[in-house]
1. Suppose the filter is of a type in the set (A, V, I, L, M), part of a loop (DSSP other than H, G, I, E, B) and at pLDDT 95 or above; does A271 pass it?
2. Restricting attention to region 525-536, does a residue exist that is in contact (Cβ under 8 Å) with a residue 12 or more places away in the chain and part of a strand (DSSP E or B)?
3. Any idea which of (1) within 26 Å of C248 (Cβ to Cβ); (2) touching a Lys or Arg at 6+ places or on another chain (Cβ under 7 Å) is the one D362 doesn't satisfy?
4. Among the residues of region 624-649, which ones are of a type in the set (A, V, I, L, M) and surrounded by fewer than 19 Cβ atoms within 10 Å (Cβ to Cβ)?
5. Can you name every residue in region 484-499 that is over 14 Å from A446 (Cα atoms) and either small (G, A, S) or assigned by TED's automatic domain parsing to the domain that holds A563 (or both)?
6. Would you mind telling me which numbered condition in (1) in a helix (DSSP H, G or I); (2) out of contact with any strand residue (DSSP E or B) (no Cβ under 7 Å at 6 or more places or on another chain); (3) not assigned by TED's automatic domain parsing to the domain that holds F527 W451 fails?
7. For the condition closer than 24 Å to F525 by Cα and free of Cβ contacts under 8 Å to residues at least 24 places away in the same chain, what is the one hit in D685, D617, D662?
8. In region 523-542, which residue that is in contact with a Lys or Arg (Cβ under 8 Å, 6 or more places away or on another chain) and under 29 Å from M585 (Cβ atoms) is surrounded by the fewest Cβ atoms within 10 Å (Cβ to Cβ)?
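The values are calculated or read from the model by the stated rules, or taken from the named source; none is laboratory data. Bear in mind the structure is a predicted one, so any value in this text is a computation, not a measurement. Here the Cβ positions follow ideal geometry from the backbone for every residue, glycine too, while neighbour counts run over all protein chains shown.
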Amino acid sequence: MKKLIPWVLGAVILTLFSCGEPIEPQKPDTPTSVSFNVQPTSLSFTGEGGTQTITVTTDSKNWKAATTGDWVSLSSSSGSGNATISVTAAKNGSERRMLTLSFSDASGLKGTASVSIVQEASELPSVEIVPSPAAFDGTKRSSTTYQLLIYSFADSDGDGIGDFRGIQNRLDYLDALGVTALWLSPAHPTGSYHAYDVNDYNTVNPLYGTEADFKALVDAAHAKGIAIYMDYVLNHSGSGNAWFKAACSDPESPYRDYYVFSDNPTADVPAGKIDNYAGAKNPGMGEWHEITVGNAGYKGRLHFKVDWTGKTKFVTVTQTTEAAQKSNASATKWLWIGSSGNVGLYETETDIFEITLDVDTDWGFLVRSSNSDSWPSGTKYGAPQGSGPVKFGEAFQLDNSGSCGDITFGGSKSYYFASFSGSMPDLNYGKYTECENSPAFKALAASADRWITEFGVDGFRLDAVLWIYQGQTTANQRFLQQWYDHCNATYQATGGHQGSIFMVGEAWEGHGTEKLYYKGLPSCFEFEYWGALQKALSGSAGDYASTVVGYIEDHLAQRPGSARTSFHMTNHDQNRAASDLGKDMAKEKQAAAMLLTSGGKPFIYQGEELGYWGTKDNGDEYVRTPIMWDKAGKDCAKKGVNNKVDNSMLTAAISVESQDADKNSLLNVYRTWSRLRNTYTSLGDGHMHQTTAVTGGGNSIAAWTMSFDWEQMLVIHNCAKSEKTVSVAVSMDNPVALLGTASVKGDSLTLGPNSSVVFKIQ
């Protein structure tokens, strides 16, 4: 056996080296992935932050950790093998937040793990808003107009009637109120306290001062950056106007064409002969008034016999020498005649009434079936339209329709049209397609030219523009465009003026009609605005911004680029805003803040800034109250409104003197918010837009933005009588105005009842 071992061993060796390539020794496998097991897989932190731990079990020799946010820190962000890591979250001062903590192999081997981390917001402190507006630099950026009544604003000479010097003496008050223009009530001679029946367009009312006084007022106002707008009455003049007197006294007078006359309106209106109607058959407003040219009266003894027996009534007048009779105190039928007044007739037979009288009258007589001091419907019997004077000894048929006129003894009859009253006859501009060529247009335009060129007025408020052509929109549009173009050309030709003349029309109608008047004028009063503002102040404010923006956009659609919407609460023809708001001072203050932070051109009515109340129930004077300047009321122009004032309102507490000293008064609210509008161009002359940056709070929240170039303001009003909280999606770091109370907590804004705030935002 021993001899065989070397041979076998050699055979084995030979076999190993003779059967192909040599065999390499086996090596261990190289890993392509790693495993991670992280516990827990989610962490939750309170808003106060803190530290929690996680454990990492892994076969990675070189791992790393990373987060998707910067509000957590790790005790270790890399390592080898198993580890315990501390995760620390910072305090959360805003809102709920989340991030992911991820683990992976630093060498690129497959295998990851993640931990979700959530942190709630901490309970933030509520910070009261303290507004910090920019300092007013003296440059007025607003377009706020103050409507004042010359006769009741301020009296300078102690006669109880307001005047030009009184206004000039109070320009500092108006300047402090931030106004940039004054709308003056008609400044012309007049037959009434209110002055809308103009008797001379070419001069001023001597009760208010002289033309030199008026010019001094305009110049002094301009020195304070305040424009002057005159109230101009184009629809009608006063019956005391020399033009109208001449037209009535002589049918051949050239002034006859200045007014709307007809010898027989009943026939002329349906025949389309009245240019003033512009084709309308029934304008729906106004009446025809009778005049007699020539001697309409009689002086002497006459016998009157009234026949009341049939459906048609007659009167027969005869000259007589029989004895005159006294008035029958128990009469059932009367004559209304000249200086005798109401005279009772005697019933001589059934339904036959007679009397003999000494007559001395300049105009004629009427028959009455009532002895009332007024004229109840159907009690006045007179001459039918188109009839001539009574003829002695002949029965004259009586008419008791609303259009009957005086029964005269002579002269010729005619009729003039008046939209409002017989004391204000309508002016006639002829066919609207040629209105600028009419004598009345030329005369009124020449007068306006004088006020622009010689006195420097900056604009006009046009009264009752709907009725120039009796509610006919197309006709009125063309007339107003002709009028505006003429006045604007004069304004620009005077030199020294920048831009165009301002003109605003009183187109007192619903928005659908009113907006169409922007075809003729750059501005009209939006009478629906006060209703929208009252609705908001009642707590239904959600659509306030969209409504107001809609008004502005509709006007711009009619007059692109130059339309300027005029917004106001109330004026001299409406119940006072304070009365409409139930004398709720919180609402009155917020009404001021909302008006002065909205788009358009705001108007403030005399006394509105003081909280005056009043209704028209007892006469228009009660909504045209004079300003109470001091606690004693010594300069209060009460005579300017015929001493018709509410003395329970005009007390020391409501005076300018008292409110000036009270920083929380309504007057000082107006001053604060008007100064804000003048400080920031975005508020004074910016664009109003709806906003989605404010959510929540219910329907009582009105919010919008005002912007001009890069400057933007966020305006928020809570119109509820209770506290409301809203979410605001923009920075509230820069509050510039506050009415009431407001506080910020994170992105939440809490507004007190009837509270308002404005933020300047980027």
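1. No; evaluated as a whole, the condition is false for this residue.
2. yes
3. (2)
4. The answer is A632, and nothing else.
5. Result: A493, G495, G496, G499.
6. Tallying (1) in a helix (DSSP H, G or I); (2) out of contact with any strand residue (DSSP E or B) (no Cβ under 7 Å at 6 or more places or on another chain); (3) not assigned by TED's automatic domain parsing to the domain that holds F527, W451 fails exactly one: (2).
7. Criteria check complete, one pass: D617.
8. Looking at residues that are in contact with a Lys or Arg (Cβ under 8 Å, 6 or more places away or on another chain) and under 29 Å from M585 (Cβ atoms), I get G539.
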